[in-house]
1. Which pairs, out of Lys170/Lys501; Lys31/Lys90; Lys98/Lys228; Lys154/Lys371, put more than 22 Å between their alpha-carbon atoms?
2. Mind checking the angle between helix 2-20 and the chain's longest principal axis? C-alpha axes, 0 to 90 degrees, to the nearest 10.
3. Can you check how the C-alpha radius of gyration of the stretch 425-511 compares to 2.2 N^0.38 Å, as a plain ratio?
4. In vacuum, with every alpha carbon of the chain counted as one equal point scatterer, what does the Debye formula give for log10 I(q)/I(0) at q = 0.05, 0.07, 0.10 Å⁻¹? Two decimals, please.
5. Among DSSP beta bridges whose residues both lie in the chain, state the antiparallel percentage, nearest 5.
6. Taking the Cα centroid of the stretch 310-386 and of the stretch 599-654, what is the distance between the two, rounded to the nearest whole Å?
7. Over the Cα atoms of the stretch 618-707, what is the Rg over Rh ratio if Rh follows Kirkwood?
8. Tally Lys and Arg at +1 and Asp and Glu at -1 over the other residues with C-beta under 15 Å from the C-beta of Leu356: what net charge comes out?
Amino acid sequence: MDRKLTAVLAAWLLIAPTLLNAQTALTLKGKITSAEGRALEGAAIYLDRATDSVLLRTDLCDSSGNYTFINLQAAQYCLVVKMIGYADYKSGTIALQKDTALPAIAMQQNNIALNAVTVAAKRPLVEHLIDRTVVNADALPGKDASTLMDLLEKSPGVTVEQNTIQLQGKSGITIYIDDRPTYLSGDDLANYLRSLPASAVDRIELMSNPPAKYDAAGTGGVINIRTKRTKEKGFNGNFNLNYIQGIYTRSNNSLNLNFRQNKLNVTANFGYTLNNNYNDINLNRYFDTTIITGIAPKFTQGSYVTRHSQNYSGRLNVDYYLTDKSTVGMVLSGLFTQGNSLTTSTSKLSNMQNQLDSTIVANNGDSRQFKNGAINLNYRHDYDKKGSQLSADLDYVVYNTQRSQTFADNSFYPDGTMYDQTLQTSALPSRIDIYSAKTDYTRVLASGLNLSAGAKSSYTKTDNIADYFDIENGLAVPDYNETNHFLYSESINAAYINGVKNFKRFSLQAGLRFENTIAYGNQLGNPQHPDSLFNRSYNSLFPTFYSQYKLDSAGRQVIGFNVGRRIDRPNYALLNPFLSPLDKFTYNVGNPYLLPSYITTYQLYYAFKGIKVTFYYSYTSNRVDGLVQIVNGYYYNRAGNIGNSYDGGVELYADLNPAKWFNIYLYTRMRYLHTVTNFYTGPLNTSGEQLSFRPTLSFTPGNGWTLQAWGTYQSRFTNEQFIDAPRGAINFDFEKKLSASATIELDIYDPFLFQNNSWQIGYLEGTTANYHSISDTRLAQLLFTYRFGKAIKNQRNHKANGVDSEKNRVGN
């Protein structure tokens, strides 16, 4: 199948020169001046579709008052011009049939002081581009006082489960902000996204099949969050205060500042997150004693976990404009997290008649300090307003984790007599360094063909130490079965080429990416275990292809097809071969022999106004995952290349407006997953269907109020050896805009406690098991947002830096 993809790409590249002359994308340009003829730098230009006033493009006038829209189709358009201090201007219908230079537009000064400027053009909630789906944040009701994580949870196809972000039900998502990676994963990423205000977000780009310029790593795709950009000189900012009350208290707070003066542009973000949570877990395991001997047939465990953490984040972006076309920049970011958890559990071993054999009471503590720092140096040169550009990035990222654990277990006979007492401690420091350099070049030809190419090289090294000690008679004795020291390094070198061509109704895009990977791992020995090492080198090609056809001249009906290949490299923690205990009966086990898995995804879609239907199919070979294995009654979660999986389904987005004050947004997905692997108990062949449903009802009754009711539902689902029970939630948002600058919001999450996790674990040798967990999901959230200062002029966000896929493989 991959050879066929490469053949398709090669064929398209061969015929592209012939297609270039078939049709030409059109350009519309002009100039905005005052009534006296003075150029109005920073005037906002909105290009609307004349038939329904839907906003298609925006531009800001340069220092000469000029604006340009490129790659337009022959159609009817309308211009809207906005400038503070001037009356709004709206043109008549512009019938674009060839490259057109409009006469200069003279804006009339408005002597009436305006507190706020409102854009009259309607911006669609979702736009369907050839290689991505774009969610326009301003079109989402009730988002002014929300966080960036709230926006993601309400975006089509995006699911957030236990701080894991999924797209089309797949994990392995790479998150960017303004084409820059966030450098974070798991809880750290979730806390950072919750510290950023939704009011600063312009749009969210969802790419389940990303183009060739993005790293091929990650089976789930790419989500790129683009922040708002304005072009007025001065200083502005906003702060967000957030208080959350459930069983425990939480808080997300942020301060965002922007400054532009002459050639200097500075933006900064500071966030603080307080997180308190709990998990009430019940785990039941049943053993067939004819197969597994030496253990009671029934094992029940009740655990109560409390977690506390504080997170401090910061991001500083500095741009200096050498000329009108050249920019140098620097981005500094960091995160400091300090937290701890305490798990109190009671495990009971008994026979099937519930006659107690023994009881084990455990108190396990976990303390963690996490530091992340990153620096990016960048350069960008714009050759013309068509989009021709050269960019370069240098990056350095460091992760430093200090973690300690204690495992205290007391064992009792049925009469309450203690017969065993154990205490184990551990120290788990780790460090990860990532270095990266990349460059990208884009050239837009006169024919309208957009060609881009680039190269990237990255180097990662990790150093993980795990020291475990048994405390015996007050002395710490090393446990060499679990103590280890793992070193790992990896180099990835890549190059790509990509081409985009728009015709009157038909658009094509194709790309090819090459990546070379060289990996080296060394498990240092201890007095009881010898050294071991491995090295690996492999090359991979990743073709991508996109096509889109407009069924009508206005582009209201669109069909499209895309296909692409990606890679999933195992994260660094999974490659460490030693045991990592979760409790006395449960362990994680790494695997240094893990190989990368490859995924090929096909998508076919049809879009009409606010409705889109997508059919997708993915094939994953050599899939990397962790499956639970039973050895003498102990549970081991072992990572491995479990086999192949076949994932397909259909998605539906619908954005409906029955009335001006009432909006219905619906996302639903029917998914089918089939996996085939050789498991330790024999062949494992499973399949499952799942229905996901997420409706959102928004009401805008007036006087600054926005009311929302939204929810989620996922049906029962079989995924390999796990069977997930149905779950869902119903939530309510109440937002009040107090003024043009201030917004307050009250949110109620999961008031009926529908959101819990339950599953069964099957295909275990001589064992069945089930799990149920309740956490602090019934919440009341109060948010306040305030904006101050002037909008910033000519704020520019540099394109992506080089560290993208590597950061998501830290596996914290």
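1. Numbers: Lys170/Lys501 30 Å; Lys31/Lys90 14 Å; Lys98/Lys228 32 Å; Lys154/Lys371 30 Å.
Over 22 Å apart, Cα to Cα: Lys170/Lys501; Lys98/Lys228; Lys154/Lys371.
2. 10
3. Working: Rg = 25.4 Å, N = 87, 2.2 N^0.38 = 12.0 Å.
The stretch 425-511 yields a ratio of 2.12.
4. -0.29, -0.57, -1.16
5. Working: 407 of 423 bridges.
Looking only at bridges with both residues in the chain, the antiparallel portion is about 95 percent.
6. When both Cα centres are located, 25 Å separates them.
7. Working: Rg = 21.7 Å, Rh = 16.9 Å.
Dividing the radius of gyration by the Kirkwood radius yields 1.28.
8. Details: positive: Lys298, Lys348; negative: Asp357, Asp415.
Summing Lys and Arg as +1 and Asp and Glu as -1 gives 0.
Readers should treat all values here as calculations from the given coordinates under stated rules, not as data from a laboratory. Bear in mind the structure is a predicted one, so any value in this text is a computation, not a measurement. Using ideal geometry, Cβ is built from the backbone for each residue, glycine included, and neighbour counts are taken over all protein chains shown.
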